[in-house]
Amino acid sequence: MVLRSLFTAAVALALPAFTGAAEPTPPKGFTAIFNGTDLAGWHGWAIHDKGASPPEMAKAKPEDNAMLIEKYTADAKKHWTAKDGELINDGHGAYLATEKEYGDYELLIDYKTVAKADSGIYLKTSPQVQIWDFTDKTKFPLGADKGSGGLWNNSAGTAGKDPLVLADKPFGEWNSFRIRQLGERTTVYLNDKLVVDHARMENFWNRKLPQPVMGKILLQTHGGEIRWRNIFVREIKTEEANKILAEKTGTGFTDIFNGKDFTGWDGAVENYEVVDNSIVCKKGKGGALFTKEEYADFQLALEIKLPANGNNGLGIRYPGKGDGAYGGMTELQVLADDYKGIDPRQAHGSAYGMAAAARGYQRPIGEWNFQVVTVKGSTIKVELNGSLILDTDLSKITEYMAKSPHPGKDRTTGHLAFLGHNDPVMFRNVKIKTLK
């Protein structure tokens, strides 16, 4: 993410040390990101000031951003203290932001606040897991009576905006969050009660895009004293992240690849092989490998591993012959993010030549990506590694790449196909669920 380089200078602006308790001991697998005695690893950021939002700072000169962070860190020194293992804010001043950015991770954090409080935790530099006074009747119209822990800046009516249960403890007691983010998929436990269940956290700064792949954790100031302690992070690796994402996709799926051979498949079988329980397009080969069964509306879950500059595609409602990108409903592009010189409608996850997916959400080359495709009527959604990168209605497409219409885009049934293009792209754990 661009912002990583913008705050390099902030490391030298660490706040002064304070005398206090020894560094907190994190649970196994976690790292303490507040050491209990000073604010090493954090900087100030008045993120909502004019010129200080992530999109604005991404366009600014690094030296100008460094000056902003220096100013905000100086302001933070007036309002944040560290004492006896607690991080204390008087309710005013710049927010605190981690110098480090995080991708897939789990955060543990305790807080204690006062009546009329209104605060929160920014994840991937975006607001926010809400904290407030659930007894403050003046804020009941805003949802305070539902309690803390919701993704308050999500759009009205979306999953996660309001907490599932009221889980706040009375004032004067410590509350404990356990927060997990995989892509934009966010799960929040407050005091061991599930309040947000694998909901998408919207990108506050650009709701047309998913959350950034990486981002900072921010602690908000909002008019009332708040104390924090036991701030621990565990970064989640690809294998675990994909396993959780698969589990949270739900039930009702059927394996359509047995991991051994091409039973149930037709087409260019000779151009593919099974390696390590995966379907692999042979190098220098290609063509359409497609299911014998046809599908109308469905949800597909699978894992994809791409080589450098790897190219393949998912044929949706493929007719069984011809060009999958044009004869079928669409080809959902399978393409390495490092591929150069392409139209945005050719990026990974795009409905080829028709609708562009958000780019940059793949895992590093050589790692497995987890992808879910949902096809209902003329609509298609693609979620990659927990981030929704495509949400389109092909019936509304009127402009095409190279001005080449797609005669098959209105098809209502067809096969699922892999559309190889000479590269050893790998697919495994291929599962499908028909939708009514």
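The values are calculated or read from the model by the stated rules, or taken from the named source; none is laboratory data. Please read all numbers here as calculations on a predicted model, not as lab measurements. Cβ atoms come from the backbone with ideal geometry, glycine included; neighbour counts cover every protein chain shown.
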Considering only strands (runs of 3 or more DSSP E) wholly within segment 77-120, the ones with at least 1 residues that are within 22 Å of the chain's Cα centre (by Cα) are 95-98, 105-113
Is at least one residue of segment 360-369 hydrophobic (A, V, I, L, M, F, W, C), closer than 15 Å to GLU303 by Cβ, assigned to a strand (DSSP E or B) and touching a helix residue (DSSP H, G or I) at 6+ places or on another chain (Cβ under 8 Å)? yes
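For segment 113-134: of the residues being among the charged types (D, E, K, R) and modelled with pLDDT under 95, which is farthest from ARG363 (Cα to Cα)?
By that ranking, first place goes to LYS116.
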Pairing a residue in segment 119-130 that is in the same structural domain as VAL196 (by TED's automatic domain parsing) and over 12 Å from GLU202 (Cα atoms) with any residue that is surrounded by fewer than 24 Cβ atoms within 10 Å (Cβ to Cβ) and polar (S, T, N, Q), where Cβ atoms lie under 6 Å and the two sit 6 or more apart in sequence or on different chains, gives SER119/GLN220; GLY120/GLN128; GLY120/GLN220
The correct count of residues that are of a type in the set (D, E, K, R), more than 22 Å from LEU384 (Cβ to Cβ) and either touching a residue at least 24 places away in the same chain (Cβ under 8 Å) or surrounded by 13 or more Cβ atoms within 10 Å (Cβ to Cβ) (or both) in segment 248-274 is 2
Problem - Boolean, THR187 is under 25 Å from ALA357 (Cα atoms), without any contact (Cβ under 8 Å) to a residue 40 or more places away in the chain and not assigned by TED's automatic domain parsing to the domain that holds VAL372 - result: yes
Picking from GLY264, GLY250, the residue that is of a type outside the set (S, T, N, Q), on the phi > 0 side of the Ramachandran plot and more than 30 Å from the chain's Cα centre (by Cα) would be GLY264
The residue from LEU245, LEU300, LEU314, LEU289 that alone is surrounded by 13 or more Cβ atoms within 10 Å (Cβ to Cβ) and either in a helix (DSSP H, G or I) or in contact with a helix residue (DSSP H, G or I) (Cβ under 6 Å, 6 or more places away or on another chain) (or both) is LEU245
